[in-house]
Amino acid sequence: MTTLSNEQINEIRLSVDIVDVVSRYISLTKKGKNYFGICPFHEDGDPSLSVSPDKQIFSCFSCHTAGNVFKFLMEYEHISFMEAVKMVADMSGISVDIQTNTTFHKQSKIYDIYEIGQKFYVNNINTQYGKVAKEYLINRGITEEMIKEFEIGLAIKNTTALSKLLEQKNFNDKDLDASGLVVRDDRGFHDFFYDRVMFPLHDMNGKVIGYSGRIYYKDDNAPKYINSKEHPLFKKGEFIYNYNKAKNDCRVKNTVIIMEGFMDVIRAYSVGVKNVVATLGTAFTKEHANIIKKLAKNVILCFDGDKAGAKATYACSNILLSMGITPKIVRLEEDLDPDEYVLKYGKDRFIDKINNPISVMDFKLDYLKKDKDLTQTIDKADYAKKILEELNDIDDDVLREVTLNKISKETDLDVEFLKSKLEPKQVVENKPKVVLKPNCSDMAQLMLLYYMLRYKEVIKMVENKNIYFPNKDFRLLSREIISFYKSHDYIDVGEILSDLDDGMAKTIGMTEALDLKEEYTQDLIDECLKNINDYNIDNEYERLHKQLEQETDILKKQEIGQKINELLIRREEDV
């Protein structure tokens, strides 16, 4: 195991641009000097995460999570500091030997099992055993290129083929059980999948963690699909199919297309629509939505064209709206799913549908209108009420206005009347300006820390004036900044963040959330210093005054009185 020095760790940190790394996970938009995106560390409707290429740090002005590239990866990937260092080193092609002991490595045996299983299945489909399965795929329009691209394999008609191979590799029973690739009964281990075409399921980093096995011959008694059971690395309510392949295209196009099944994704991908993912037929969850919103700002739902697909579209759109995402909708004719639609109508017509989605409210107008007779008063009133409820979740003022005009025409209800029934929208400023007020000690301390993190001159002023930060968290950070400067003779907030705990990192996040100019003025610094000093004097005055009231010894009372007089004199002086 290699022990890395602080200099080596800092070299690795500076080998990448934090903007490039963060943009692999969330969509960023440049505004001024910084980049902004939806914060992945809390339920964020508006872009509140700022990424600074100059300082090589990120910070959220809402939840105050902040840090350098290592911290971002630690929080996002739920990994240790050294794992984050290793990830960045790998991105830059820097060779380091780092051993860690986190969940990823605790589950590494399961990854190893799936890696062997994947090689086994892919090899099978390219042998004589896979001839019939491959013919089935090609007859369905899945080419050799697609088979290779999506690493499609075959579980042969042998219930112990993979089990025996894995046992030969000396995996222990606990790991084999946990993987879900094999099952155990009184006779020992046997394969969970057999005699099926195997579609691998990859995690966000491209590692195989599960399968969907499809039957490739007619058998009315067998289920068409069998999916892997959940295990420590595979949670269906959090799994997004094709994430690893689609993420770059989603970020480039700033759009992610969600489908229901993996065959739909494979078909779309084959005709050039690559910013596409699927939920693998499971109900869409808030966990799914949290992952989706990290991919791109714009979301398109392209589910199956039947009633079940419409119902799933409605449910999914509501979850997305509750998370601050307003999706657009593609509905396919003749109850076709995307796979069937491409095969029947071709690439161009499908891409045209994708390029011309309808608004979520147009979809809901049609969906909620089904089975209603708008010539009937009760149906008309119920329809209008439901649409108004839906509009309360829409933040797009233009979309709200257009929809109100549409339902006004459909129901003969006055637009102004309909508007009056909407819940008033709360106006919330994303980044409120901060004004220093008298005795506002916390704000003065934060402002001082903000400039200490940027200017060594401010650090020297704080030291020369022997300023005591009354807030413990702020005091600890001020000491870290001063210590770093004394050791390095420069200030680099990105480097400082490597050694800070979560509490001090959040304090830096709080300073970054301040709406302050980058350059300081001497008057502002003096005001902050005086504010903090006055606050400390006032606190000490109150403490001494209480002590004076309780003291009975005349000499001691005189001593306390003298200290109070000295404080009052100091209070009148500048810092």
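Throughout, read-outs are computed from the coordinates displayed, never taken from laboratory work. No experiment lies behind these values; they were computed from the predicted model shown. Cβ coordinates were reconstructed from backbone atoms using ideal geometry, including for glycine residues, and neighbour counts include every protein chain displayed.
Results, tabulated for the structure shown:
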item	result
FRET efficiency, 1/(1 + (r/R0)^6) with R0 30 Å, evaluated for residue 165 and residue 343 via beta carbons	0.25
Residues 108, 498, sorted so that the one with the fewest Cβ neighbours within 10 Å comes first	108, 498
Approximate spin-label separation residue 402-residue 381, in nm, with each point projected 7 Å along Cα-to-Cβ	3.1
Label zone at residue 465, where the point sits 7 Å out along the Cα-to-Cβ direction: the stretch 492-532 residues whose backbone N lies under 11 Å	522-532
Stretchable slack from residue 185 to residue 392, in nm (0.36 nm times residue separation minus alpha-carbon distance)	69.1 nm
Rounded, prolate or oblate (a/c below 1.5 giving rounded, otherwise prolate when a/b exceeds b/c) for the chain by Cα gyration tensor	oblate
Efficiency of FRET from Cβ geometry, residue 24 and residue 549, R₀ 60 Å, rounded to 0.05	0.45
Kirkwood-type radius of the stretch 107-234, with distances r between different C-alpha atoms, in Å	14.9
Cα-based shape type of the stretch 245-356, given that a ≥ b ≥ c are square roots of the gyration tensor eigenvalues and the cut on a/c is 1.5	oblate
Exposure proxy order (Cβ contacts within 10 Å, fewest to most) of 302, 39, 63	63, 39, 302
Within the stretch 206-248: backbone nitrogen closer than 15 Å to the residue 139 label point (7 Å, Cα to C-beta)	215-220
Set of lysines near residue 472 by C-alpha distance (under 20 Å), chain-local residues within fewer than 8 positions excluded	506, 530
Reciprocal of mean inverse Cα separation for the stretch 127-170 (Kirkwood radius, Å)	12.0
Fewest-first sequence of 304, 195 by Cβ atoms within 10 Å of each Cβ	195, 304
Linear extension gain, residue 119 paired with residue 335, 0.36 nm per residue minus alpha-carbon span	74.1 nm
Zero-based 10 Å bins, Cα pair distances in the stretch 6-102, whole percents	16, 50, 27, 7, 0
Modelled FRET efficiency - R0 60 Å, residue 475 with residue 131, Cβ distances, 0.05 increments	0.25
For the stretch 371-420, radius of gyration divided by Kirkwood radius, i.e. Rg to Rh on alpha-carbons	0.96
Label-point separation in nm, residue 248 to residue 172, each point 7 Å along Cα→Cβ	3.9
